[in-house]
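A quick write-up on the structure given underneath.
The values are calculated or read from the model by the stated rules, or taken from the named source; none is laboratory data. Note that the structure is predicted; figures quoted are calculated from it, not measured. In this analysis, Cβ positions are derived from the backbone assuming ideal geometry, glycine residues included, and neighbour counts consider all displayed protein chains. For the accessible areas, the whole protein counts, side chains as well, though only heavy atoms, and no ligand, DNA or RNA atoms are used. Shrake-Rupley method; radii C 1.70, N 1.55, O 1.52, S 1.80 Å.
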Amino acid sequence: MTGQPVTDVNHQMRINQALADQHDMLVAARRELMRWDDTAKKNFRMAFGNDSLQARYDMMDQIDKQIKLNQKYSTANFRYAEQKYREPDLVAYVYPNDPNTVYLDDRFFSASRDGRNTIGGTLIHEFSHFSNIAGTDDHAYGERNTTALSALSSMFGKLNPFKNAARNNADNVKYYFEGAKDRADFQKFMEDARKFREGLQKNSTP
């Protein structure tokens with residue numbers, strides 16, 4: 001099955017879920033960047049080491065490109081990982097100059113839709129590698145290493161040769177978008193709770 005189109009029905013369903021989750025994450029992050037208040041700036045700075053306007057514009061541009069590609073994608077754009085690249089830690093990969101295909105290994109299909117290292121976040125990570133999206137690299141993997149990379153990107157001001165390293169790292173991008181979706185979900189939960197509480201108070205008023 002390696003290198004072949006994804007034909008398993010359950011796997012196709014998982015891909016469709018991942019595409020939907022990816023879209024939701026992108027939209028949530030775009031709303032946060034449009035708001036660009038102190039909290040939004042802090043979240044961005046924690047993820048990438050700086051909150052310059054140029055960094056913000058570049059990320060919004062990436063979001064728009066990812067959304068457009070996401071809307072064009074279907075299960076036909078996915079293949080099983082090629083045997084030569086399969087290893088225990090592999091989840092997915094792409095060829096940067098081929099934005100029409102994402103290769104998936106077994107770990108992708110068992111990954112979660114919530115929290116970190118999600119299926120939607122994985123697609124954001126892989127899309128960011130495409131040269132016509134952002135051309136990111138894999139400088140660091142995992143939350144601990146990406147946090148360290150973000151800290152490195154924040155040091156020494158404009159003279160820092162690593163100032164763009166976090167924004168150019170696919171896992172930093174992934175975690176930022178997963179976090180944006182979590183924050184949006186939490187805000188909606190709090191708003192729903194407030195409305196529910198107000199409804200109770202209104203109904204209990206003599």
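So the values come out like this:
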| quantity | calculated |
| --- | --- |
| Every pair of residues 6+ apart whose Cβ atoms lie under 6 Å, when the first sits in region 162-183 and is more than 16 Å from LYS42 (Cα to Cα) while the second is aromatic (Phe, Trp, Tyr) | ASP171/TYR141 |
| Residues being in contact with an Asp or Glu (Cβ under 7 Å, 6 or more places away or on another chain) and part of a helix (DSSP H, G or I) - total across region 103-133 | 4 |
| Helices (runs of 4 or more DSSP H) wholly inside region 1-102 containing at least 2 residues that are polar (S, T, N, Q) and under 25 Å from ARG144 (Cβ atoms) | 38-48 |
| Residue within region 164-179 that is open to solvent by 80 Å² or more (accessible area, probe 1.4 Å), at pLDDT below 95 and farther than 23 Å from ASN97 by Cβ present | no |
| Scan of region 9-39 for residues that are open to solvent by 60 Å² or more (accessible area, probe 1.4 Å) and either farther than 20 Å from ARG56 by Cβ or among the hydrophobic types (A, V, I, L, M, F, W, C) (or both), ordered by number | VAL9, ASN10, MET13, ASN16, ASP24, MET34 |
| Those residues of region 43-94 which are open to solvent by 60 Å² or more (accessible area, probe 1.4 Å) and aliphatic (A, V, I, L, M), in sequence order | MET46, LEU53, ALA76 |
| Residue within region 96-112 that is β-branched (Val, Ile, Thr), closer than 19 Å to GLU143 by Cβ, surrounded by 14 or more Cβ atoms within 10 Å (Cβ to Cβ) and in contact with a helix residue (DSSP H, G or I) (Cβ under 9 Å, 6 or more places away or on another chain) present | no |
| Filter pass, GLU143 being assigned to a helix (DSSP H, G or I), touching a strand residue (DSSP E or B) at 6+ places or on another chain (Cβ under 7 Å) and acidic (Asp, Glu) | no |
